[in-house]
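What follows is a single structure, written as C-alpha cells, with notes after it.
Just so you know, all these numbers are worked out from the coordinates, no wet-lab data involved. Everything numeric in this text was worked out from a predicted model, so none of it was measured. Positions of Cβ are backbone-derived with ideal geometry, glycine not excepted, and every protein chain shown enters the neighbour counts.
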Amino acid sequence: MRWTQTIIPTLKETPAEAEIVSHKLLLRAGLIRKLTGGLYTFMPLGLRALRKVEQIVREEMNRAGALEVLMPALQPPEIWQRSGRYETAQDVLFKVRDRAKKEWVLGPTHEEVITTLVAGEISSYRQMPKNFYQIQTKFRDEIRPRFGLMRAKEFIMKDAYSFDATDAGAQDSYRKMYDAYTRIFQRCGLKTIPVEADTGVMGGKFSHEFMVPAETGENEVAYCDGCGYAANVEKATSQVTRVTGEAASALPEKFATPGVLTIEALSQAPYQVPAERQIKTLVYMAESKLVLILMRGDDQLNEAKLAGALGTGMFRPGEPGEIFAALGAHPGSLGAVTSTLKNSGWTIYADERLKDAVGMTTGANEDGFHLRNISIARDIQVNTWSDLRLVQAGEPCPKCGQPLKVRRAIEVGHVFKLGTKYSQALDALFLDESGKQQPAVMGCYGIGVTRTLQAVIEQSHDEQGIVWPVSVAPYTVCITPLNVAPDSPVMKLAEKIYAELAAAGIDAILDDRNERPGFKFKDSELVGFPIRVGIGEKSLAKGEVEIKPRAGAMTAVKAEEAVSAVQALVRAGLTA
Ligand code: ATP
Ligand code: MG
C-alpha cells in the first residue's frame, strides 16, 4: 500500500474525549473514528490490525477443533424468555420492534441461539463433543460506554459454545479452550494472567478470565506471588480470622449514640467500639423482597458474591424510605437483633467471618441508639452464612498464606463451564449410550476481539505512539524514502524494496508523501509499524539503507541486504 492511496488521518493533538492512552492512540494514529459514544468506525489501518487479531483467533480455534458458524445478531425474545435471561440480562439487552410491532433482541451473546440450534441438530452422544464458534458483532446497552473500543455499545466478539455428553468431556473441552486462549493472547503479543472468575448472571460451575494487567483496567485482580493464586476480586477469598472472644454472658444493652451514623464515628471517643467489633447491617431489595446483610464493620460487601448467595443478579440497595418503613430507623442505626425487628419473616444473610462472633455492637433499629454485648448465635437469626467480603491487599492468600496483592486489569477473554442450565431450558437433549435422554453439558468461551486489539496498544506503546507486535501490526514495514520524486535513485530503491518485500510475503506501506523526513518519521512512529526502512540520499551514497525496529536501535545495512534484514527481524518478532 502507498500512504497517499490510503487514508491515515493522524492527529497531533489528543481528542478531548479520550481518557486512556490506548484510546488516545487509536484516534491519534487514525485507526478508528467515533460516530457517537460507544460506536466506532474502523479506518483502513485499524481494520487491518483487527483482521489480524481475528485471524489469530480463527486459526487457534480451528486448531483446537472448534467449528466456525455465523449466527444471526437479531434474535427472537422468546428464546431469552425460555432461558430466563429476558429478565436477568435486561440491563444490557437492546430491543427493537419490527413493522408489526413485534419485539426482537440484538444479541449481546449467543447461548440461546446456539442451544436452540443444537436442540434441533444433535440427538446422540455419538455426535459429541462439538464446539461451535463465531466472530461477530455483539450489542450491549452498557450503562457507561467508555474508553473507546474497551467498553462499546457494539463490539466484535469471538464466542464459542461446547456441547459434551459427559461432565468429564465438558471438562476436557474447557481445558482445550483455556489452552487455545493462552496461545491466542501470546500470539497477539499480550501478557495475560488467567484468573478465577465469578460466574455471575451466566450461571454455571466455574470460570476463568484472561486479564491484561493495566492501571486503566476496569477489573481488580487479587494475586499471590508465592503460589500463583489469582482471582478476580469479585471471586477472591483469603484466610481471614474470625472475631474471637470469650462467650459473653452479658445481655444486649442499649446505649445512646446521638448523631452517630457511621462505623468510623462509633469507633471514636466517647464510644470507641473498634470497627471489627461492629456489625454493619445493609438492607437490599432482592427481586421484590427486602433482605438484611450483615458484615463485620471493617469489611466491605462484595456484590458479585452477594449475587451468588441470593441466587439472582436482580438486586439493589434498599431506598431510605423503604428501609425506614420496614425497620423503623434510618441507615446508621440499623440492626438485625431479633428483639428489635418490627416484623418477623426477614431473610438474613451474614458474612462467614461473623460466625460465632461475641461482644459485638450493632444498631438498635431506633435512630440514635445502638446495642452492645451482641452474641450472634444467641441474638440474631441468621438464615444463610456465606463468604460475602471483598478481599483486601495484604490479606493472607487462601492457598499459601502469603500476603495477597491487588492490581487493576482489563478482561479480554472469559471461559465458563456452564453445565446444563441452557441445555435444560432450551431442550438440547441427547440419547446417551444406554439410550437415556440427557441434557448436553455446555461450556461457553468469549474473547473481546476489539477490546483485545485496544489492550495490545494499552500494553505496548511509548511516548511517540503505538509499538505494535509484528503479529497484529496494520503493516509490518514502513518504507520511508526521503525523496519521492519518481526518478530519484532513493524512490527507485524504495519501490524495489517494496516489491521484494511483497514477493517475500511481508506487508509493507510505502510512505510516498512529499513531506519532511521528521514529519514522516513521527507519523510512522505514532502509527507504530514494527520496522521502518529509511532510505535517504546520504546513506544511499554509501550503498546503505537504515533499518529501525520500532522499539530498537537503528542499524545501517547494505541496500541489497535490506529485505533479508527485515525478514530476520520479522522472524524474531514472530517467535518472541
Ligand atoms: P465486562 O465485565 O467487561 O462487562 P463481561 O464479563 O460482561 O465483560 P463477557 O460476557 O464475558 O463480558 O464477554 C466476553 C468478552 O467480550 C469479554 O471478556 C470482553 O473482552 C468483551 N466485552 C464484553 N463487553 C464488552 C463491551 N461492552 N465492549 C467491548 N468488549 C466487550
Ligand atoms: Mg466476562
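Summary of packing: across the peptides 562-573, 105-116, 263-274, the per-residue average of other C-beta atoms within 10 Å ranks them, highest first, as 105-116, 562-573, 263-274. In sequence order, the range 538-547 has phi-based couplings of 4, 5, 5, 4, 8, x, 10, 10, 9, 10 Hz under the Karplus curve 6.51 cos²θ - 1.76 cosθ + 1.60, θ = phi - 60°, and Gly or Pro positions carry x.
Can you work out the FRET efficiency for the pair Thr166 and Ile7, with r the C-beta to C-beta distance and R0 = 45 Å, to the nearest 0.05?
Between Thr166 and Ile7 the formula returns 0.25.
Here the range 324-455 is assigned +1 on the Cβ of each Lys and Arg and -1 on the Cβ of each Asp and Glu. Its dipole about the Cα centre then comes out at about 400 debye.
Take every Cα pair under 8 Å in the chain that's 6+ residues apart, average their separations, divide by the length, and report that relative contact order as a whole percent.
Numbers: 1244 pairs, mean separation 98.2, N = 576.
Normalised by residue count, the contact order of the chain is 17 percent.
When the label point is put 7 Å from the Cα of Thr312 along its Cα-to-beta-carbon vector, which residues of the range 372-396 have a backbone N closer than 18 Å? Under cut-off, by backbone N: 383-384.
From most to least packed by mean Cβ count within 10 Å, the peptides 359-367, 373-381, 336-344 give 359-367, 373-381, 336-344. The calculated P(r) of the range 380-500, using every Cα pair and 10 Å bins from 0, goes 9, 15, 18, 21, 16, 10, 8, 3, 1, 0 in percent.
Under 5 Å from the amide H of Gly419 lie the amide H atoms of Lys205, Met442, each residue being 5 or more positions distant or on a separate chain, with H modelled from the backbone and absent for Pro and chain starts. Can you compute the helix-only [θ] at 222 nm over the chain? Use -39500 (n - 2.57) per DSSP H run of at least 4 residues, normalise by all residues, nearest 500 deg cm²/dmol. About -8000 deg cm²/dmol. Reducing the range 296-350 and the range 443-504 to their Cα centroids gives an inter-centroid distance of 56 Å.
With the simple model of a label 7 Å out from the Cα in the direction of the Cβ, Thr338 to Met285 spans 3.0 nm. Cβ-to-Cβ counts within 10 Å put Trp468, Trp385 in ascending order as Trp385, Trp468, the fewest first. Using the Karplus relation 6.51 cos²θ - 1.76 cosθ + 1.60 with θ = phi - 60°, the per-residue 3J(HN,Hα) values for the range 451-463 come to 5, 4, 4, 5, 5, 4, 5, 4, 8, 10, 7, 9, 4 Hz, with x marking Gly and Pro.
Put simply, the C-alpha atoms of the range 84-160 give a gyration tensor, and the ellipsoid matching it has half-axes of 27, 18, 11 Å, longest first. Answer rounded, prolate or oblate for the range 38-148, using the Cα gyration tensor with square roots of eigenvalues a ≥ b ≥ c: rounded when a/c is under 1.5, else prolate when a/b is larger than b/c, else oblate. Cα axes put the range 38-148 in the oblate bin. Computed 3J(HN,Hα) for the range 217-226, one whole-Hz value per residue from the Karplus formula 6.51 cos²θ - 1.76 cosθ + 1.60 where θ = phi - 60°, is x, 9, 10, 10, 10, 9, 8, 10, 6, x, glycine and proline marked x.
In degrees between 0 and 90, to the nearest 10, how far off the longest principal axis of the chain does helix 111-121 point, with axes built from Cα atoms? Computed tilt is about 80 degrees. Among Phe163, Phe147, Phe529, a tally of other beta-carbon atoms within 10 Å of each Cβ gives an order, fewest to most, of Phe147, Phe163, Phe529. By the Cβ rule of 4.7 Å, the chain holds the following cysteines without a possible disulfide partner: Cys188, Cys444, Cys478. If you take the Cα centroid of the range 73-94 and the Cα centroid of the range 95-121, the two points sit 8 Å apart.
A crude spin-label estimate for the pair Ile143 and Lys436, with each label 7 Å from Cα along the Cβ direction, gives 4.4 nm. For Gly318, the residues 5 or more places off, or on other chains, whose built amide H falls under 5 Å of its own are Val283, Tyr284, Met285.
Taking all Cα pairs closer than 8 Å and separated by 6 or more residues, the relative contact order of the range 508-564 comes to 24 percent.
Over the range 417-576, what is the mean sequence separation of C-alpha contacts under 8 Å (at least six apart), divided by residue count, expressed as relative contact order in percent?
19
The packing ranking of peptides 179-186, 542-549, highest mean first, is 179-186, 542-549, where packing means the average number of other beta carbon atoms within 10 angstrom of each residue. Take the convex hull of the alpha carbons in the range 469-537; its mean projected area over all directions comes to 4.3 nm².
Ranking of Ser434, Ser460, Ser423 by neighbouring Cβ atoms within 10 Å, starting from the fewest: Ser434, Ser460, Ser423.
Under the rule a/c < 1.5 gives rounded, and otherwise a/b versus b/c splits prolate from oblate, where does the range 15-77 land using the Cα gyration tensor? In terms of gyration-tensor shape, oblate.
The orientation-averaged shadow of the Cα convex hull for the range 246-405, equal to a quarter of the hull surface, comes to 10.1 nm². Proximity of backbone amide H atoms, modeled 1.01 Å from N, is registered between Arg151 and Arg146 at under 5 Å, excluding neighbours fewer than 5 places apart on the same chain.
When the square roots of the Cα gyration tensor eigenvalues are ordered a ≥ b ≥ c, the ratio a/c for the chain is 1.5 or more and a/b exceeds b/c, which makes its shape prolate.
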